[in-house]
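The values are calculated or read from the model by the stated rules, or taken from the named source; none is laboratory data. Owing to the predicted nature of the structure, the values given are computational and were not obtained by experimental measurement. We place every Cβ from the backbone using ideal geometry, glycine too, and count neighbours over all the protein chains shown. We work out accessible area using only protein heavy atoms, side chains counted, and drop any ligands, DNA or RNA first. Shrake-Rupley method; radii C 1.70, N 1.55, O 1.52, S 1.80 Å.
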Amino acid sequence: MLDAIIIGAGFSGLYQLHSLRDKLSLNCHLFEMGEEIGGTWYWNSYPGARCDTESQAYCYYFNKELYNKWSWTERYPGQVEIKNYLSFVAQELDLLKSISFSSKIIRMDYLDNSNNWKIFLENGKIFLSRFVITAIGCLSKPYLPKINGLEKFKGQILHTAEWPKNKINFKGLNVAVFGTGSSGIQIIPEIAKEAKSLTVFQRTANYSIPAKNQNLSNDIKQEHKNNFDKLKNISINNRHGHPWKHSNISIQKSNLNDCYQALNTAWEKGGLGFRDTFSNINYDNFANSVVSKFIKEKIENIIKDPSKLENLIDFDHPFGAKRPALDTNYFLTFNQNNVKLINLKQTPVDEINSSGLLISGKKIFLDMIVFATGFDAITGSLLKLNIKGKNGIKLSNQWQNKPKNYLGLQVPDFPNLFTITGPGSPSVLTNMPRAIEQHVDWITKCISYLLENSNNKIEARHEFADKWLNTVEDEAKKTMFLKTKSSWYLGTNIEGKPKGFIPYSGGLDKYTSICNNVADSNYKGFLIS
Ligand code: N01
């Protein structure tokens, strides 16, 4: 019998394990489905996989000593380096002895009589625990579209989020990529370097900002370390958890020349800070249209082929309504002779067959199809766990219409189950380590409060969860996020999934203060016994 089970060995699971085991001295164990540490960075090992948060902020801030011991090599951390960083943290904190790898959880039942969770592993083992904390990431259930005839294809089929661990060679191959989200935008230039031909199947044109990745000099690395306290303070007060201050200047008709200059400076600098060049880009139609036009003009200056250009700037949504990507040579890649672009809105795929696919009656021969088609985001990974709460209530039933929960942290009828970066929390709209640290600290404090007060059980109240869903919806209405017909934020990419904006878009800073007030009021909105 354990005090706490943690599921997932990525950023959130490792910190949660350390907090409960080493700060509260609980008897804990962490189960991880993968064979190694890394979470999302274990699975998404495709060529070009790199975080688009800058490395000095894409790491833990809870321990300054740990921060000072590690040095990143590039402006944005690559997939392998992030996995190495997490292994370094696990070693430093002696976490490995409390982790089981290759341990997939297939079912979780809450036992009403004993107030324990019964956890079933695929390998047949069963564990009991008082608390369960899911640390399974928001983007952990890959989505593979159903395309007529896909099963007949004799070549290799790959998904970016389930990338094989052996090296994949594209040399001399005819490759197709479906999807032009962040993953597609990263892998396309890498495949194009080697492949004989690359055909990109684009359903929706995507905005992308240059990353301008570069090696970090020793001086910059030292500067980040010297500025740790400042970086931390700015990040936790930033809407998205990034280490810079938002502009308080808005785009107005009267200052367009100045705006263009400022946008240009931000574009040349590269990175997600571009979104924060002005205060109203994500809130005001006019401001957003200025930025959208600016980006279109930048792409026009890169792309040589007029028909490719027309398709690449065929935007059907405002900038930022879908997650904007950062890229290294994405648009430039389309100037290569071996790269073709198919706009699926104009020419949908008829079918896939053994040697390629048919599009408007024309055959495209292929050796490999890469799907960069995203995820059943945020709720998909939780539903995959087959969770049953009080009185045998299934999470899948509770969430049939909406992912009801309070603060993204707990679901009513599922006592003692905490969901790190669950639906209704800022999660994917922030630099994840900041959102994760905030959640882990809150959960740890909450469990400590229960233990100090000899309580055994905490459960979100239905009426507070209902109100929170309204808050999440109200915040989204203020933004551009609802001004697209489809996005994974809205659940529209998955057939049968309830539609509605899933994360909390009011900002990490505002959300943190709401959560702190709830804790300070002895957990108002939760039933404690
Ligand atoms: O997935 P996506 P992703 N036929 O859902 C298309 C994070 N991330 O893996 O837009 C053809 O964004 C779909 O088209 P449409 C980041 O938060 C971060 O790229 O739905 N195409 C879209 O183009 C990101 O947002 C990093 O019309 C189909 C694409 O597939 C999130 O993960 C790197 C299709 C899916 O894009 C998800 O990114 C990578 C079909 N049937 C990921 N179905 C970094 O930090 C879907 N599509 C850098």
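Distances between placed amide hydrogens fall under 5 Å for residue 116 paired with 111, all partners being 5 or more residues away or on another chain. Just tell me which lysines come within less than 19 Å, Cα to Cα, of residue 230; anything on the same chain fewer than 8 places away is out. Cross-link targets: 64, 69, 221, 245. For a straight C-alpha distance cut-off of 20 angstrom, the aspartates and glutamates reachable from residue 345 (same-chain residues fewer than eight places away being disregarded) are 305, 310, 314, 316, 495. Relative to the longest principal axis of the Cα atoms of the chain, the long axis of helix 256-269 lies at roughly 80 degrees. Taking the Cα of residue 384, stepping 7 Å toward and past its beta carbon, and measuring to each backbone N in region 414-438: which are under 20 Å? Answer for this model: 418-425, 427-429, 432-433, 436. Cross-link partners of residue 362 among aspartates and glutamates, defined as those whose alpha carbon lies under 14 angstrom from its own and excluding same-chain residues fewer than eight positions apart: 350, 351.
Placing +1 on the Cβ of every Lys and Arg and -1 on the Cβ of every Asp and Glu, with no other charges, gives the chain a dipole of roughly 700 debye about its Cα centre. The largest accessible area among 365, 375, 414 belongs to the first residue in 365, 375, 414, and the rest follow in falling order (1.4 Å probe, all chains). The string of couplings for region 307-319 from the Karplus curve (6.51, -1.76, 1.60, θ = phi - 60°) is 6, 5, 4, 4, 6, 6, 10, 7, 5, 10, 8, x, 4 Hz, one whole number per residue in order, with x for Gly and Pro. Each of residue 112 and residue 27 was given a label point 7 Å from its Cα along the Cα-to-Cβ line. The distance between the two points is 2.7 nm.
Here the simple spin-label model places points 7 Å from the Cα toward Cβ, and for residue 470 and residue 97 these points are separated by 5.1 nm. In sequence order, region 496-502 has phi-based couplings of x, 7, x, 9, x, 6, 8 Hz under the Karplus curve 6.51 cos²θ - 1.76 cosθ + 1.60, θ = phi - 60°, and Gly or Pro positions carry x. Helix 285-302 versus the longest principal axis of the chain: what is the Cα-based angle in degrees, 0 to 90, to the nearest 10? Roughly 50 degrees, rounded to the nearest 10. Model label sites at residue 529 and residue 285, defined 7 Å from Cα along the beta-carbon direction, differ in position by 5.1 nm. For residue 261 and residue 338, the FRET efficiency from 1/(1 + (r/R0)^6), where r spans their Cβ atoms and R0 equals 30 Å, is about 0.20. In the full protein context, the chain carries 42 Å² of accessible surface per residue, based on a 1.4 Å probe and ignoring ligands, DNA and RNA. Peptides 475-488, 20-33, 256-269 ordered by packing proxy, namely the average of other Cβ atoms within 10 Å per residue, highest first: 20-33, 475-488, 256-269.
For the residue pairs 293/483; 269/483; 165/340; 225/298, the alpha carbons lie more than 26 Å apart in 269/483; 165/340; 225/298. Taking Cα atoms only, the orientation of helix 79-92 departs from the longest principal axis of the chain by about 20 degrees. Of the residues 227, 79, 399, the one whose Cα sits farthest toward the positive end of the charge dipole of the chain, with +1 on the Cβ of Lys and Arg and -1 on the Cβ of Asp and Glu, is 399.
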